[in-house]
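Colleague: This is the structure I have questions about; it appears just below.
The values are calculated or read from the model by the stated rules, or taken from the named source; none is laboratory data. Only a predicted model underlies this, so the values are computations on that prediction, with no experimental measurement involved. Cβ atoms come from the backbone with ideal geometry, glycine included; neighbour counts cover every protein chain shown. The protein model used for the area step is the full one, side chains on, heavy atoms only, and it has no ligands, DNA or RNA in it. Shrake-Rupley method; radii C 1.70, N 1.55, O 1.52, S 1.80 Å.
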Amino acid sequence: MDTFVDSSWYYFRYTDPQNPLRPFERSQADHWMPVDVYIGGKEHAVMHLYYARFLSHFCRDQGMVSHRQQVERRNAYYGPEPVQRDTGSQLQVTWEKMSKSKHNGLDPQEVVQQYGIDTMRLYLLYAAPPEQDILWDVKTDAIPGVLRWQARLWGLVTKLRAAREGPETPNPSVLNKRERSEAKKIWENKNYAITQVTGHFTEDFLFNAAISRLMGLTNTLSQASSRVVLHSVEFEEALASLCVMAAPMCPHLASELWAGLSQVRNPLGSVLSGKGSVLQQPWPSVDSEYLQTPDTLQLSVRINNKVCGSLSVPREVAQDAQKVQELVLNSPLGARLLSERVIKKAILSPRTALINFLVDE
């Protein structure tokens with residue numbers, strides 16, 4: 001029979017693939033179905049899903065399953081129609097996509113053999129969101145960027161293990177004010193990453209954005225001072241959360257990283273005391289204290305890269321450069337330092353909570 005017939009009910013068979021007596025057991029199909037989200041191109045939306053939906057309705061009418069719809073949410077992506085820039089007239093475009101039937105696909109096995117399946121998977125997820133095409137060129141920035149990130153993850157686990165194997169016993173109480181502030185920033189970045197990555201995994205499915213956020217948390221941890229690495233539970237828990245969140249996308253690497261974390265001496269928190277592999281760990285949750293964060297934050301104000309003070313700004317506008325600039329200029333601090341100066345540019349960094357005014361001397 002035509003492959004479209006098979007592809008119209010394979011999702012049921014996946015729920016009970018070893019059944020020798022019938023296509024599938026109803027209890028298995030009802031347990032796993034319907035599919036949470038289906039991502040496909042326009043040929044899937046107008047052909048395959050029609051047939052699959054018909055088969056799903058048929059199976060429901062025959063009493064084989066309890067639901068009619070096989071998919072709860074469909075994301076079908078249609079590229080914008082190309083037009084001529086000057087006239088706006090529509091262009092006729094001819095192209096040929098990769099297809100099994102056309103035998104014109106590129107085998108990723110070369111990349112897998114050279115870099116491993118985790119790198120291959122991260123490359124595919126990081127190169128573009130689902131609605132965009134990927135230019136299949138492993139010499140682009142995506143592969144080197146993914147490789148650098150994996151190396152940095154490995155380096156962070158090595159750094160923590162080395163710090164805890166020294167003669168000094170970890171003790172958070174010995175951290176000074178600056179180091180406690182640094183640890184708090186790690187804690188905030190960890191909770192922010194958990195919030196963002198969880199949303200990307202469960203709501204918008206922007207896995208490239210999830211990887212970018214994990215890279216951001218990696219950057220924060222990479223900047224931690226040696227005493228914060230040794231004495232703070234925040235660094236330890238943030239690194240553990242980072243490994244757990246990376247595991248669905250690079251399970252082999254994450255398993256190796258977790259094995260290393262599990263051998264860290266003198267752990268300060270309970271996260272590293274959990275048994276089992278990284279894939280058996282609970283998904284990180286946002287700390288309740290983070291959810292009770294005040295509605296304002298302290299924004300560092302710089303003029304020509306020199307710290308000149310700080311200002312409390314509403315958290316909801318802290319990422320809006322224009323609004324933050326207006327708040328600073330209308331504050332006593334701004335009136336005193338900037339009212340009579342020509343501002344060439346204002347650079348806002350939401351991640352580090354600072355704004356830098358470049359002015360004429």
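Colleague: Could you point to the residue in 34, 143, 332 farthest towards the positive end of the chain's charge dipole, with +1 and -1 charges on the Cβ of Lys/Arg and Asp/Glu respectively?
Modeller: The one lying farthest along the dipole's positive direction is 332.
Colleague: Take the Cβ-Cβ distance between residue 291 and residue 73 as r, set R0 to 22 Å, and report the resulting FRET efficiency rounded to the nearest 0.05.
Modeller: Numbers: r = 27 Å, r/R0 = 1.23.
For R0 = 22 Å, the calculated efficiency reads 0.20.
Colleague: For 9, 149, give the ranking by accessible area with the largest first, probe 1.4 Å.
Modeller: Values: 9 80, 149 10 Å².
The ranking, largest first, comes out as 9, 149.
Colleague: Placing +1 at every Lys and Arg Cβ and -1 at every Asp and Glu Cβ, with all other atoms neutral, what dipole size does the chain have around its Cα centre, in debye to the nearest 20? If you can, show how the numbers build up before the last one.
Modeller: Numbers: 39 positive and 39 negative charges, 166 e Å.
Around 800 debye, computed over the chain.
Colleague: Could you put 361, 203, 237 in order of accessible surface area, largest first, with the 1.4 Å probe and the full protein assembly present?
Modeller: Values: 361 180, 203 120, 237 45 Å².
Ranked from most to least accessible, the order is 361, 203, 237.
Colleague: Work out how far the C-alpha atoms of segment 141-289 reach from end to end along every principal axis, then list the three figures in whole Å, largest first.
Modeller: That gives 43, 31, 29 Å along the principal axes, largest extent first.
Colleague: Which value, in Å² and to the nearest 10, is the accessible area of residue 192 when all protein chains are kept and the probe is 1.4 Å?
Modeller: 70
Colleague: Carbon and sulfur: what percent of the chain's accessible surface (1.4 Å probe)? Could the numbers behind the result be given before it?
Modeller: Values: 11390 of 21800 Å².
The nonpolar share, carbon plus sulfur, comes to 52 percent.
Colleague: Among 266, 219, 330, which one shows the highest mean-square fluctuation when the chain is modelled as a Gaussian network with alpha-carbon springs under 10 Å?
Modeller: Ranking 266, 219, 330 by mean-square fluctuation puts 330 first.
Colleague: Sticking with this structure for a sec: Which value, in Å², gives the accessible area per residue of the chain when a 1.4 Å probe is used on the protein heavy atoms?
Modeller: Details: 21800 Å² over 361 residues.
I get 60 Å² per residue for the chain.
Colleague: A further question follows. Could you bin all the Cα-Cα distances of the chain into 10 Å bins starting at 0 and give me the percent of pairs in each, rounded to whole numbers?
Modeller: 4, 17, 22, 24, 19, 11, 4, 1, 0
Colleague: What net charge do the residues around residue 263 carry, taking every other residue with its C-beta under 15 Å from that of residue 263, with Lys and Arg at +1 and Asp and Glu at -1? Mind showing how you got there, number by number?
Modeller: Details: positive: 159, 161, 164, 265, 275; negative: 165, 236, 256.
Local net charge: +2.
Colleague: Cut-off 14 Å, label point 7 angstrom out along Cα-to-Cβ of residue 353: give me the residues of segment 184-206 whose amide nitrogen falls inside.
Modeller: 184-192
Colleague: Quick check: from the Cα gyration tensor, does segment 3-62 come out rounded (a/c under 1.5), prolate or oblate?
Modeller: Values: a/c = 1.84, a/b = 1.72, b/c = 1.07.
Prolate, since a/c reaches 1.5 and a/b exceeds b/c.
Colleague: In segment 227-316, which trypsin sites (Lys or Arg not before Pro) are in a loop and have at most 13 other Cβ atoms within 10 Å, using DSSP for the loop call?
Modeller: Counting only loop positions with at most 13 other Cβ atoms within 10 Å, the trypsin sites (Lys or Arg not before Pro) in segment 227-316 are 265, 275.
Colleague: May I pose another question? Could you run the Karplus curve 6.51 cos²θ - 1.76 cosθ + 1.60 with θ = phi - 60° over segment 178-195 and give me ³J(HN,Hα) per residue in whole Hz, x for Gly and Pro?
Modeller: 5, 5, 5, 5, 5, 5, 5, 5, 4, 4, 5, 5, 4, 5, 5, 5, 4, 4
Colleague: In addition: Dipole magnitude of segment 142-252 about its Cα centre, charges +1 at Lys/Arg Cβ and -1 at Asp/Glu Cβ only, in debye to the nearest 20? Don't skip to the answer; put the middle values down first.
Modeller: Working: 13 positive and 10 negative charges, 70 e Å.
Dipole magnitude for segment 142-252 comes out near 340 debye.
Colleague: Restricting to the chain, what percent of DSSP beta bridges are antiparallel, rounded to 5? Provide the component values of the computation, followed by the final result.
Modeller: Working: 15 of 24 bridges.
That works out to approximately 60 percent antiparallel.
Colleague: With all protein chains present and a 1.4 Å probe, how do 154, 32, 187, 283 order by accessible area, largest first?
Modeller: Values: 154 125, 32 160, 187 55, 283 95 Å².
In descending accessible area the options line up as 32, 154, 283, 187.
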